[in-house]
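Notes follow the structure.
The values are calculated or read from the model by the stated rules, or taken from the named source; none is laboratory data. Predicted model, so just to flag it, every value in this text is computed and none were measured. With ideal geometry, Cβ positions are generated from the backbone for all residues, glycine too; neighbour counts draw on all protein chains shown. Quick note on the areas: whole protein, heavy atoms, side chains included, nothing else; ligands and nucleic acids left out. Shrake-Rupley method; radii C 1.70, N 1.55, O 1.52, S 1.80 Å.
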Amino acid sequence: MSPTDKILQGIGMTSQRTRDRLIQRLKDQGIDNELVLDVMRRTPRHLFIDEALAHRAYEDIALPLGYGQTISQPYIVALMTQQLLADGTPNSVLEIGTGCGYQTAVLAGIFPQVYSVERIETLYKQAKKRLAELEYYNVQLRHTDGILGWPNPDYQFDRIMITAACTEIPEALTQQLVEGGSMIFPFDDGRDQTLMELTKTSQGLETTALVKVSFVPLLPGLA
Ligand code: SAH
């Protein structure tokens, strides 16, 4: 095994066996999309977090990633990704909140075209370097405020995933969603956060509540 393979595969608490246990746990919790399970089995989550926390990478928990932000719990990553695949075969996805890039990597294993934006410059730069090193060539990243959508207003996406909690639905994002497309996002009503799915039809926008969640807030402007 080459040194690179060793790093990718992980050893001990980051080994394939530890990862397989996480996948089993996701199945037990109701994740049944084989593509999602397979991509998560192969995605090296330990390489997206601080080395000091790498031994906890395959526990089903959220972890800090610096700057007060968190890498989402694997179950939530799986659930949100699976939900975006419930209907049809989407080609493109826009993620709001790149963070460490783990969710981005999972999406890149599934969607032909992945776009992701992050408002914190240091996180954006780190994620960009990491995803390039891991050879994710189908990902485009931008340091920008996702509330305003992808910086080119002419773009439209089949799916949108917001990975920070919103208090209102960003209009720029519903505009950048294709008709027939769907968006998943945590919504904060001031008391609770609920994961919501929005679908855009010729009649307008429809939303459905999924489960209670806990995300860092979606914030305006750059940092
Ligand atoms: N998908 C990430 C989750 C990161 S936490 C992962 O798997 O690691 C949410 C991220 O959203 C944070 O990095 C935060 O800085 C970012 N964020 C919050 N508001 C934003 C905005 N308006 N535009 C872009 N990114 C935003």
> Pulled fully out, how much extra length does the chain show between Asp154 and Gln175, if you take 0.36 nm times their separation in residues and subtract their Cα-Cα distance?
Replying inline: 6.6 nm
>> Contact order normalised by length for segment 63-212, with contacts defined as Cα pairs under 8 Å and 6 or more residues apart; what percent is it?
In response: 18
> Largest first, what is the accessible-area ranking of Thr194, Thr81 with a 1.4 Å probe?
Replying inline: Thr194, Thr81
> To the nearest 10 square angstrom, how much accessible area does Asp50 have with a 1.4 angstrom probe?
Replying inline: 90
> Under a 1.4 Å probe, what is the accessible area of the chain per residue, stated in Å²?
Replying inline: 49
> Ordering Leu219, Leu198, Leu53 by how much accessible area each has at a 1.4 Å probe, largest first, what is the list?
Replying inline: Leu219, Leu53, Leu198
>> If I compute solvent accessible area with a 1.4 Å probe over the protein chains, what percent of it on segment 95-152 is carbon and sulfur?
In response: 48
> Over the C-alpha atoms of the chain, what are the Rg and the largest Cα-to-Cα span, Dmax, in Å?
Replying inline: 16.6, 55
> With every protein chain present, what accessible area does Met13 have (1.4 Å probe, heavy atoms only), rounded to the nearest 10 Å²?
Replying inline: 100
> Once the other residues with Cβ under 12 Å from the Cβ of Arg56 are scored (Lys, Arg +1; Asp, Glu -1), what is the net sum?
Replying inline: -3
>> If you take every DSSP beta bridge fully contained in the chain, what fraction is antiparallel? Give it as a percent rounded to 5.
In response: 45
> Sorted by accessible area with a 1.4 angstrom probe, largest first, how do Lys128, Lys200, Lys27 fall?
Replying inline: Lys128, Lys27, Lys200
>> Tell me the net charge near Glu168. Cut-off is 15 Å between Cβ atoms, Glu168 excluded, with +1 for each Lys or Arg and -1 for each Asp or Glu.
In response: -4
> 222 nm [θ] for the chain, helices only, -39500 (n - 2.57) per DSSP H run of 4+, per residue, to 500?
Replying inline: -8500 deg cm²/dmol
>> Considering only C-alpha atoms, what is the centroid distance from segment 155-176 to segment 55-122, in Å?
In response: 14
> In a shell of Cβ-Cβ distance under 9 Å around Leu141, excluding Leu141 itself, what net charge do Lys and Arg (+1) and Asp and Glu (-1) give?
Replying inline: +1
